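Asker: My questions will all concern the structure given below.
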Amino acid sequence: MIREYRTIQEIVSPLMVVRNVEGVTYDELAEIELPDGEVRRCKVLEVNGDSAVVQLFESAAGINLAQSKVRFLGHPLELAVSGDMLGRVFNGMGRPIDGGPEILAESHNDINGLPMNPAARDYPNEFIQTGVSTIDGLNTLVRGQKLPIFSGSGLPHAQLAAQIARQARVLGTESNFAVVFAAIGITFEESEYFVQEFNRTGAIDRSVIFSNLANDPAVERIATPRMALTAAEYLAFERDMHVLVILTDITNYAEALREISAARKEVPGRRGYPGYLYTDLATMYERAGRRVGKEGSITMIPILTMPEDDKTHPIPDLTGYITEGQIILSRDLYRRGILPPVDVLPSLSRLKDKGIGKGKTREDHADTMNQLFAAYSSGKDAKELMTILGESALTPTDIKFAQFADEFEKRYVTQGSEENRSIEDTLGIGWDLLTILPKTELKRIKPDNMAKYYPQTEE
Amino acid sequence: MSGKIVKVSGPLVVAEGLESANISDVVRVGEQRLIGEILTMTGGRASIQVYEETSGLGPGAAVETTGSPLSVELGPGLLENIYDGIQRPLVEVRERTGHTIARGVDVPALNRGKTWEFEATATVGARVTGGDVIGTVRETSSVLHKIMVPPGISGTLESVQSGTYTVEQTVGVVRTDAGAAEAVTLMQKWPVRVARPYDKKSVPSAPLNSGQRIIDTLFPLAKGGTAAVPGPFGSGKTVVQHQLAKWSDVDIVVYIGCGERGNEMTDVLMEFPELKDPRNGEPLMKRTVLIANTSDMPVAAREASIYTGITIAEYFRDMGLDVAVIADSTSRWAEALREMSGRLEEMPGEEGYPAYLSSRLAQFYERAGCVECLGSDSRRGTLTAIGAVSPPGGDTSEPVSQATMRIVKVFWGLDSSLAYARHFPAINWLNSYSLYLDTLKPWYDASFGEGYMLSRTRAMTILQEESELQEIVKLVGADSLSPPDRLTLETAKMIREDFLQQNAFDELDSYSGYEKQSRLLALILAYSDACREALTKGATDVEKLFNIEARERFGRAKMIPPGEFEQKYADIERDLKYQISEITEGGEEQ
């Protein structure tokens, strides 16, 4: 049943109130037909008696209260999914924009998805080798994980994400992979960088791209990541593919959400973001994962730029509470030319413990990882002391630690954007660096591993 | 009694025509019969929070009240189960609706078809009152489930029969004084927002042994006490909570994943059946009930989840058991409260949270305690409540942390700088506290002698001194400190690295018994004493004292398994004393 109304009473972009409606339901999709025949989409945010509050996904310009028609479609916003989506480019609302034909839908899926039953999840524990030492060695990514990159404006997060997308693979398997990329309010150039990367490496045929650029309507951004995730869920759980989802930039998404919340005059939480920002972000991030009995998986790398590089800003803060760790980029390292500028100490992968070790990477992985973290932390403390008091005030051990920290940044963190290090290489560099320190300081490494892997000095 | 929807706004639905419904009644909304609860009534208009996604609901849809408040089913079958926030069994939901949770699923919490071996322990003709045990069911290999007369019923036990029963079948009949026959089944129901009654509450007097050195030795929690674990993301809150769920010496653990990650619950589900309880060797899952309302699940059910959890915990407490309820995270619960409050257009308090935030939190924690249970055998049960708090940006000046700190007696503050240095558990020893130290001291003294608590006090003093000395070191460097001060720094470092640090993922280090904790701390202090004595005897080179051979063995001392550590620690102590005395004597010769 399609119901059409000419009873728009009020428009305060991005919201609109329609009167005298009947049978309208919450979260339903609607279309507005402008006098000139143009059709725009919107969804129901609230129904109260016979009036409905509707949120526009596009600009309100040109809507005429008397002549525009609103049609309620009786279903929520859906995405037409099929295997043919691979290799295609869509706009932020899921319409093809690459000049190709419409998708012949195998099914129409609600873009909000449904919560995954925790009892039906399979714990992610397959090591993904990204070829980046700071990730593989210290903040290991596993299949089905959601690991965001916390960046700042002007930092090379796009390069790092592209490098991961290019090099990521599970050791010992040739598998069915796909990349779903959602550009959320980023510039054409940034988006084009990814598209060209995918073209260059041939990954484009296995990619689905959703593109909402900076000049596209901001409110459309609410739908874009959900479109991407709906496509990813289809590919992963209906088509048994291992899907890597890259969402960039979540900050733009949250700002769009704030815009709508402000228009609705809701009581704001921190910094004007709505109180439900956590829940809203969670309903996206939690769609990553593996399911019991299903071959495919969704691994998610959301990228966000921290306003003023502030990790406690609500967007990175709430993201960090939901995702399974974070890779933080540091402006300080970037300035010193250390690329990729991964700030190792505050970065974290929560799922690493079950993805590393014997049979996954190597038995000494956990020990060396903890030791490198601890040593780098001590080294940085020592360097800090050194800047205040000078080298002479340090104990001989502290000087070694300071030296270790420098070498660690130079040899372990630094690597070329085309350099694909195997996990053995990464572990090897780690051991080489540890020889800088006195053996007695290597408290976190088990004696067996020391005996087996400690580099033998040449006589 | 049924009404009609007039308004839908997210999880809030307003319906009219429900004049005779009660506040807090559970209602069924719409064709899919979604579960909701009445929050407020204005005339015949009821504001309802719906525990499921409301997409597709609109004005005109029917709302039907069930006439009873949100309740949980209590009986055999709770253990080893995983429920959502309103006690739907997630494994059975999966069997019906697949990998995602479809709406309107209606599955009873306790399996109706499953039978249990009931063994009657009461005799026919006995006087019974609410809480009296009339029989038992061996629910899992670690837990003997007591079947109790529900609170509020008393009279003469007319019949009770051992046998095989489902949870709904009558196992006994109580003839009340008024002459009515009350059937007792294996299952009883209880409204989640009402605390289950008990006879008397008393002050906790025994500690909860968690096997975590910083907790048991420095900031102990009492059985029946309350604790909070606040910390920014990445500081290891969840690992601390999991460790407590794994190793606490309680009979039952109720773990509530409230608005947190789905994979964390999956982790517990997969790991707990494999882990062995250090006390009886049984799988930990056999004593665990999981409540999972993850962050992507409906927000209103998240609000209910902590009540569901604590009611189940109270039920086991009533059997005279030690129960721990662990909620991760109460901040997400508070956010759910805030979201509903905003939709109800209530006047917000601080940071948008409702004005009743702190009283609700207090009500939750107050359900913990050490009690004499209902029933004539005056058995004692305890309920310990541990809540994680996730303050935005790690700043504990926000309302949820502040309200929690006013209530709880133990505060384990997690610190991100410790976490960055991979010092885990990242509990900051300077700002954490336990208000149970005085009440627990008699227990510690009686069990391990007075030395243990004295060592604790000394360790805390040393750590405190360290933080003061560190200020000086930052200004002038470690070299300018006097040898005794350098020794203090060194001892503090040993306490931090060789005692407080504990690797949750290492098989040998994950759990540490009291005896080992006490010996290890004593060993570190013995080293410190020996060095100090050497300094007074004239030794001058502290570096030499710090680099004796025995020192290296401290680093691995915590990994020494039970049964061997007594001997090995004694060896280390003997060797270090000898090596230090060599240095002193050498010094005198020069």
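Asker: For chain A, just say rounded, prolate or oblate: build the C-alpha gyration tensor, square-root its eigenvalues into a ≥ b ≥ c, call rounded for a/c under 1.5, and beyond that prolate if a/b exceeds b/c, oblate if not.
Answerer: The shape class here is prolate.
Asker: D for the range A:138-235, whole µm²/s, Stokes-Einstein with Kirkwood Rh over alpha-carbon pairs at 4 °C and 1.567 mPa s: what number?
Answerer: Diffusion coefficient, whole number: 88 µm²/s.
Asker: To continue, here is another question. Give me the one-decimal Kirkwood hydrodynamic radius in Å for the range A:304-447, with the sum taken over alpha-carbon pairs.
Answerer: Here the Kirkwood hydrodynamic radius works out to 16.7 Å.
Asker: Would you please give the residues with an amide H less than 5 Å from that of B:TRP116, counting only those at least 5 places away or on a separate chain, with H modeled from the backbone geometry?
Answerer: The answer is B:TYR165, B:THR166.
Asker: Just the Cα atoms of the range B:96-144: what Rg and Dmax do they give in Å?
Answerer: So, for the range B:96-144, Rg and Dmax equal 17.3, 51 Å respectively.
Asker: Just want to confirm a number: the relative contact order over the range B:190-333, from Cα pairs under 8 angstrom separated by 6+ residues, in percent.
Answerer: 30 percent
Asker: A further question follows. Say the cut-off is 32 Å between C-alpha atoms; which of B:LYS246/B:LYS577; A:LYS146/A:LYS410; A:LYS311/B:LYS409 go over it?
Answerer: B:LYS246/B:LYS577
Asker: Among B:SER455, B:SER467, B:SER55, B:SER235, rank each residue by its count of other Cβ atoms within 10 Å, from fewest to most, as a rough exposure measure.
Answerer: B:SER467, B:SER55, B:SER455, B:SER235
Asker: Over the Cα atoms of the range B:249-391, each weighted equally, I'd like the Debye log10 I(q)/I(0) at q = 0.17, 0.22 Å⁻¹, rounded to two decimals.
Answerer: Log10 of I(q)/I(0), two decimals: -0.95, -1.31.
Asker: Continuing with the same structure: Quantify how strongly other chains surround peptide B:159-172 by giving the mean number of their Cβ atoms within 10 Å of each of its Cβ atoms.
Answerer: Mean partner shielding for this stretch: 0.
Asker: Helix-derived [θ] at 222 nm for chain A: sum -39500 (n - 2.57) over DSSP H runs of at least 4, divide by residue count, nearest 500?
Answerer: It comes out at -8500 deg cm²/dmol, rounded to the nearest 500.
Asker: Related question: Semi-axes, largest first, in whole Å: what does sqrt of 5 times each Cα gyration tensor eigenvalue give for the range B:288-344?
Answerer: Working from the Cα gyration tensor, I get semi-axes of 25, 11, 9 Å.
Asker: With labels modelled as points extended 7 Å from the Cα through the Cβ direction, what inter-label distance (nm, one decimal) is found for B:GLU271 paired with B:GLU582?
Answerer: Using points 7 Å along Cα→Cβ, the separation is 4.3 nm.
Asker: Per residue of B:342-349, count partner chain C-beta atoms within 10 Å of its C-beta, then hand back the mean as an integer.
Answerer: The per-residue average across the peptide is 3.
Asker: So, one more: Kirkwood Rh over alpha-carbon pairs of the range B:376-439, then Stokes-Einstein at 4 °C and 1.567 mPa s: what D in µm² s⁻¹, rounded to an integer?
Answerer: After rounding, the answer is 93 µm²/s.
Asker: Here's another thing I want to ask about it. Each residue of the range B:203-214 in order: what ³J(HN,Hα) in whole Hz does its phi give by Karplus 6.51 cos²θ - 1.76 cosθ + 1.60, θ = phi - 60°, with x for Gly and Pro?
Answerer: 6, x, 9, 10, x, 8, 7, 9, x, 9, 4, 5
Asker: Ok, one more. With only alpha-carbon pairs counted, each pair once and no self-pairs, how large is the Kirkwood hydrodynamic radius of the protein assembly as shown in angstroms?
Answerer: 31.1 Å
Asker: Here's another thing I want to ask about it. For the range B:148-205, would you read off the P(r) tail past 18 Å as a percentage of all alpha carbon pairs?
Answerer: Here the tail beyond 18 Å accounts for 48 percent of pairs.
Asker: Once phi is turned into θ = phi - 60°, what whole-Hz ³J(HN,Hα) does the Karplus curve with 6.51, -1.76 and 1.60 give for every residue of the range B:22-32, x standing for Gly and Pro?
Answerer: In residue order, the calculated couplings are 9, 4, 6, 5, 7, 10, 10, 10, x, 5, 7 Hz.
Asker: Related question: Provide the percentage of antiparallel DSSP beta bridges, counting only those with both residues in chain B; round to the nearest 5.
Answerer: Bridges in chain B are about 70 percent antiparallel.
Asker: Let me ask another. Over the protein assembly as shown, what is the percentage of antiparallel beta bridges among all DSSP beta bridges, to the nearest 5?
Answerer: Roughly 65 percent of the beta bridges in the protein assembly as shown run antiparallel, per DSSP.
Asker: While we're here: At q = 0.14, 0.19 Å⁻¹, what base-10 log of I(q)/I(0) does the Debye formula yield for the range B:32-154 when every alpha carbon is treated as an equal point scatterer in vacuo?
Answerer: Debye output, listed in q order: -0.82, -1.12.
Asker: Give me P(r) over the range B:1-97, computed from all C-alpha to C-alpha distances, binned every 5 Å, as integer percentages.
Answerer: Using 5 Å bins, I get a P(r) of 3, 14, 24, 21, 15, 11, 8, 4, 1 for the range B:1-97.
Asker: Here is a further query. Are there trypsin sites (Lys or Arg not before Pro) in the range B:107-144 that DSSP marks as loop and that have at most 16 other Cβ atoms within 10 Å, and which are they?
Answerer: B:ARG112, B:LYS114
Asker: I want to verify the translational diffusion coefficient of the range A:160-287 in µm²/s; compute it with Stokes-Einstein, Rh as the Kirkwood radius over Cα pairs, at 10 °C and 1.306 mPa s.
Answerer: 101 µm²/s
Asker: May I ask for the angle, rounded to the nearest 10°, between helix B:330-343 and the longest principal axis of chain B, with both axes built from Cα atoms and the value confined to 0 to 90°?
Answerer: Value to nearest ten degrees: 40.
Asker: Out of the chymotrypsin sites (Phe, Trp or Tyr not before Pro) in the range B:500-532, which ones are loop residues according to DSSP with at most 14 other C-beta atoms within 10 Å?
Answerer: Values: sites: B:PHE505, B:TYR511, B:TYR514, B:TYR527; in loops: B:PHE505, B:TYR511.
Hits after loop and neighbour filter: B:PHE505.
Asker: Here's a follow-up. Can you give me the convex hull volume of the Cα atoms of the range B:462-509, divided per residue and expressed in Å³?
Answerer: 81 Å³
Asker: At a 10 angstrom cut-off on C-beta neighbours, averaged per residue, how do the peptides B:88-101, B:324-337 rank from highest to lowest?
Answerer: Most protected by this proxy first, the peptides run B:324-337, B:88-101.
Asker: Moving to a separate point now. Where does the charge balance sit around B:ASP132 when Lys and Arg score +1, Asp and Glu -1, over other residues with C-beta under 10 Å from its C-beta?
Answerer: +1
Asker: Report the FRET efficiency, 1/(1 + (r/R0)^6), for A:ASP448 and B:ARG138, where r is their Cβ-Cβ distance and R0 is 41 Å, rounded to 0.05.
Answerer: That pair, A:ASP448 with B:ARG138, gives E of 0.45.
Asker: Which entries of A:LYS69/B:LYS4; B:LYS189/B:LYS223; B:LYS201/B:LYS276; A:LYS439/B:LYS544; B:LYS276/B:LYS441 show an alpha-carbon separation above 23 angstrom in the structure shown?
Answerer: Table pairs above 23 Å Cα-Cα are A:LYS69/B:LYS4; B:LYS189/B:LYS223; B:LYS201/B:LYS276; B:LYS276/B:LYS441.
Asker: So how many Å³ per residue does the convex hull of the Cα atoms of the range A:298-365 work out to?
Answerer: 119 Å³
Asker: Take the alpha-carbon centre of the range B:195-233, take the same for the range A:360-414, and report the distance between them in whole Å.
Answerer: Each part's Cα centre sits 38 Å from the other's.
Asker: Within the range A:134-149, find all residues whose amide N lies under 17 Å from a label point positioned 7 Å from the Cα of A:GLU424 along Cα-to-beta-carbon.
Answerer: A:137
Asker: So what's the range A:374-415 giving for Rg/Rh, alpha carbon basis, Kirkwood Rh from the mean inverse pair distance?
Answerer: With Rh from the inverse mean 1/r over Cα pairs, Rg/Rh is 1.00.
Asker: P(r) for the range B:449-590, please, calculated from all Cα pair distances in 5 Å bins and given in %.
Answerer: 2, 9, 19, 20, 20, 15, 9, 4, 1, 0
Asker: Bin width 10 Å, origin at 0, all Cα-Cα pairs of the range B:139-242: what percent of pairs per bin?
Answerer: 11, 25, 26, 21, 13, 4, 0
Asker: Nearest 0.05, what FRET efficiency do B:GLN363 and B:GLU465 give at R0 = 35 Å with Cβ-Cβ as r? Please report the intermediate quantities before stating the final value.
Answerer: Working: r = 41 Å, r/R0 = 1.17.
Plugging the Cβ-Cβ distance into 1/(1 + (r/R0)^6) gives 0.30.
Asker: I'd like to know how the range B:77-223 sits against the 2.2 N^0.38 Å rule of thumb: what's its Cα Rg over that expected value?
Answerer: For the range B:77-223, the normalised Cα radius of gyration is 1.31.
Asker: Another question, then. Under the rule of at least 5 residues apart or a separate chain, name every residue whose amide H is placed under 5 Å from the amide H of A:LYS146.
Answerer: A:MET300, A:GLU324
Asker: Going through the range B:240-311, which trypsin sites (Lys or Arg not before Pro) have at most 16 other Cβ atoms within 10 Å and a DSSP loop state?
Answerer: Sites meeting the loop and neighbour criteria: B:ARG279.
Asker: Taking only the C-alpha atoms, wrap a convex hull around chain B and report its volume per residue in Å³ as a whole number. All intermediate terms of the calculation are to be shown ahead of the outcome.
Answerer: Values: hull volume 92.1 nm³, N = 590.
Spread over its residues, the Cα hull of chain B gives 156 Å³ apiece.
Asker: Now for a different question. Using only the alpha-carbon atoms of the range B:428-476, report the extent along each of the three principal axes, biggest first, to the nearest angstrom.
Answerer: Sorted largest first, the three principal extents are 45, 19, 12 Å.
Asker: Could you go through the range B:86-96 in sequence order and give the Karplus-derived ³J(HN,Hα) for each residue, using 6.51 cos²θ - 1.76 cosθ + 1.60 with θ = phi - 60°, rounded to whole Hz, and x for Gly and Pro?
Answerer: 10, 6, 8, x, 6, 5, 6, 4, 4, 4, 8
Asker: Pairs of Cα atoms under 8 Å, at least six residues apart: use those to get the relative contact order of the range A:320-423, whole percent. Could you put the intermediate results ahead of the total?
Answerer: On the way: 100 pairs, mean separation 27.1, N = 104.
Computed over the range A:320-423, the figure is 26 percent.
Asker: A further question on this structure: Scan around A:LYS311 for amide H atoms under 5 Å from its own, H built in the peptide plane at 1.01 Å from N, and keep only partners 5 or more places away or cross-chain.
Answerer: Amide H to amide H, under 5 Å and 5 or more residues apart or across chains, A:LYS311 pairs with nothing.
Asker: On a 0 to 90 degree scale, rounded to 10, what angle separates helix B:299-318 from the longest Cα axis of chain B?
Answerer: Roughly 80 degrees between the two axes.
Every number here is computed from the coordinates shown, using simple stated rules; none is lab data. It should be emphasised that the depicted structure is a prediction, and the values quoted were computed from it without experimental measurement. Backbone-built Cβ (ideal geometry, glycine too); neighbour counts: all protein chains shown.
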